[in-house]
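The values are calculated or read from the model by the stated rules, or taken from the named source; none is laboratory data. Please read all numbers here as calculations on a predicted model, not as lab measurements. Note that we place each Cβ from the backbone using ideal geometry, even for glycine, and neighbour counts take in every protein chain shown.
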Amino acid sequence: MIELPVQSQCSTPLGPVRLLASAQGLAGLWFEGQKHRPSQLDGPSWPQQDDHPLLKDARQQLSEYFAGQRRRFDLPLDLSAGTAFEQNVWRALLDIAHGQHQSYGQLAGRIGRPSAARAVGAAVGRNRLSIIVPCHRVLGRDGRLTGYAGGLDRKRALLQLEGVV
């Protein structure tokens with residue numbers, strides 16, 4: 001039997017987010033109005049299930065993160081919605097520690113594709129697990145805040161929370 005993904009909403013200091021859980025793990029975290037946000041979040045395709053254990057754990061860990069009590073998330077993740085390249089980039093994002101940052105070029109080099117900074121940027125932008133898979137920790141080559149599907153104000157706030165800017 002195939003288990004449908006289920007969703008829940010969560011309040012954060014940066015606005016509400018929608019969480020999505022699949023049978024494999026946490027499959028999504030999107031801010032309201034975020035780019036690449038699936039339309040299924042707004043319809044009956046993915047039912048609301050606030051008491052789902054994984055979604056409850058995710059809400060608790062997000063609360064701890066925003067309170068400054070958590071630096072790393074401990075949740076099973078489902079990255080299967082991306083291409084093999086995107087999944088590789090998303091796994092590499094998990095290695096950027098709290099309070100640290102990298103450029104798109106550095107990230108491209110880390111995955112063995114040093115000339116693919118633009119493709120890495122596109123994969124980072126399609127990250128389905130904002131905050132949990134810390135795409136906000138990727139900056140432009142000169143340290144500038146560039147691109148964030150949830151908006152640059154949120155990216156700046158997340159980096160400030162982590163002591164980066």
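Kindly indicate which of V133, V124 is crowded, with 18+ Cβ neighbours inside 10 Å and touching a Cys at 6+ places or on another chain (Cβ under 7 Å).
Result: V124 is the single residue among V133, V124 that is crowded, with 18+ Cβ neighbours inside 10 Å and touching a Cys at 6+ places or on another chain (Cβ under 7 Å).
Let's see how each residue does on (1) surrounded by 14 or more Cβ atoms within 10 Å (Cβ to Cβ); (2) under 18 Å from V17 (Cα atoms); (3) out of contact with any Lys or Arg (no Cβ under 9 Å at 6 or more places or on another chain); (4) of a type outside the set (D, E, K, R):
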position: E64; (1), (2), (3), (4): no, yes, no, no
position: R72; (1), (2), (3), (4): no, no, yes, no
position: G105; (1), (2), (3), (4): yes, no, no, yes
position: V120; (1), (2), (3), (4): yes, no, no, yes
position: L129; (1), (2), (3), (4): yes, yes, yes, yes
position: Y148; (1), (2), (3), (4): yes, yes, no, yes
position: D153; (1), (2), (3), (4): no, yes, yes, no
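Provide a single number: the residues in the stretch 154-165 that are modelled with pLDDT under 95 and either among the acidic types (D, E) or touching a Phe, Trp or Tyr at 6+ places or on another chain (Cβ under 9 Å) (or both).
Counting residues in the stretch 154-165 that are modelled with pLDDT under 95 and either among the acidic types (D, E) or touching a Phe, Trp or Tyr at 6+ places or on another chain (Cβ under 9 Å) (or both) gives 0.
If you check Q69, Q60, Q106, Q34, which single one turns out to be within 16 Å of S130 (Cα to Cα), of a type in the set (S, T, N, Q), at pLDDT 95 or above and out of contact with any strand residue (DSSP E or B) (no Cβ under 6 Å at 6 or more places or on another chain)?
Going through Q69, Q60, Q106, Q34 in turn, just one is within 16 Å of S130 (Cα to Cα), of a type in the set (S, T, N, Q), at pLDDT 95 or above and out of contact with any strand residue (DSSP E or B) (no Cβ under 6 Å at 6 or more places or on another chain): Q60.
If I filter the stretch 85-94 for residues that are loosely packed, with under 13 Cβ neighbours inside 10 Å, of a type outside the set (S, T, N, Q) and either in contact with a Lys or Arg (Cβ under 8 Å, 6 or more places away or on another chain) or more than 18 Å from A157 (Cα to Cα) (or both), do I get at least one hit?
Scanning the stretch 85-94 turns up no residue that is loosely packed, with under 13 Cβ neighbours inside 10 Å, of a type outside the set (S, T, N, Q) and either in contact with a Lys or Arg (Cβ under 8 Å, 6 or more places away or on another chain) or more than 18 Å from A157 (Cα to Cα) (or both).
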